[in-house]
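Input: a single structure, listed below in structure tokens.
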Amino acid sequence: MLYFIQIFFAVFGVMDPLGNVPFFLAFASPLDKAGKRKFARSAILYAGSILIVFMFLGNGILNLFQISMDSFRIAGGIALLLIGIKILFGLDFKQEDREHKHEEEPSIMPLATPLIAGPGTISLVIIFAKEYGYMLTLAGVLSNLLLNYIIFLLAPYILKIFGKKEIMVFANMMGLILMAIGVEFIRVALMH
């Protein structure tokens, strides 16, 4: 149970469903209630598919490219550090391709990936699957995806209750926790 709690909260921190509420509302605001539900479901299904594929095939992919788990743990730690820094300080590390920005389905890009299933989440599921097994990792991922879906459906109410400022404070706290998880990943890899 302790490992499940660790997996759940680590994945929750990286997915940051409350921090994604403003993004969800920005993309889904023109839609009616049924459209918002379909949009949320689509984002969650795409993100879940990405995470489950990497959870089961991630180690095979690492072996194919001859990448050790410690190297991947360090890379994942750096990714988590950068995501934490991005959340905490509001930095943006990527350049947008303005020509193609509006061509993708927003439930896939950027909501499903990289906001829900980004490099940090993918790193986590691969590492947790190796360390704690597929069942616990799958349970942690699926419960977070379900929670994300519920939060997206309740997004307008959550924004009214907590306000954008309070959600950003929570997101900043999660950014700090992500940075700590990233440092821990790197520390563990360097100890081996």
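The values are calculated or read from the model by the stated rules, or taken from the named source; none is laboratory data. These numbers were taken from a predicted model, which means no experiment stands behind them. No Cβ is skipped: glycine too gets one built from the backbone with ideal geometry, and neighbour counts run over all protein chains shown.
Okay, here's what the table says:
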{"quantity": "Subset of the range 149-192 [buried (at least 19 other Cβ atoms within 10 Å of the Cβ) and without any contact (Cβ under 8 Å) to a residue 12 or more places away in the chain]", "calculated": "none"}
{"quantity": "The range 9-24 - residue that is closer than 21 Å to Gly76 by Cα and of a type in the set (Phe, Trp, Tyr) and, of those, surrounded by the fewest Cβ atoms within 10 Å (Cβ to Cβ)", "calculated": "Phe9"}
{"quantity": "Filter pass, Phe23 being modelled with pLDDT under 90, in contact with a helix residue (DSSP H, G or I) (Cβ under 9 Å, 6 or more places away or on another chain) and closer than 14 Å to Phe152 by Cα", "calculated": "yes"}
{"quantity": "Matching residues in the range 57-74 - criterion: being surrounded by fewer than 17 Cβ atoms within 10 Å (Cβ to Cβ) and in contact with a helix residue (DSSP H, G or I) (Cβ under 7 Å, 6 or more places away or on another chain)", "calculated": "Leu62, Asp70"}
{"quantity": "Residue list for the range 55-81, filter: over 22 Å from Gly140 (Cβ atoms), assigned to a helix (DSSP H, G or I) and without any contact (Cβ under 8 Å) to a residue 40 or more places away in the chain", "calculated": "Asn63, Leu64"}
{"quantity": "Residue in the range 149-169 that is within 12 Å of the chain's Cα centre (by Cα), hydrophobic (A, V, I, L, M, F, W, C) and at pLDDT 90 or above present", "calculated": "no"}
{"quantity": "Residue in the range 101-109 that is modelled with pLDDT of 85 or more and either more than 18 Å from the chain's Cα centre (by Cα) or among the β-branched types (Val, Ile, Thr) (or both) present", "calculated": "no"}
{"quantity": "Hey, Phe27 in contact with a Leu (Cβ under 9 Å, 6 or more places away or on another chain), touching a residue at least 12 places away in the same chain (Cβ under 8 Å) and either buried (at least 20 other Cβ atoms within 10 Å of the Cβ) or among the aliphatic types (A, V, I, L, M) (or both) or not", "calculated": "no"}
{"quantity": "Those residues of the range 1-54 which are part of a loop (DSSP other than H, G, I, E, B) and among the hydrophobic types (A, V, I, L, M, F, W, C), in sequence order", "calculated": "Met1, Leu18, Leu31"}
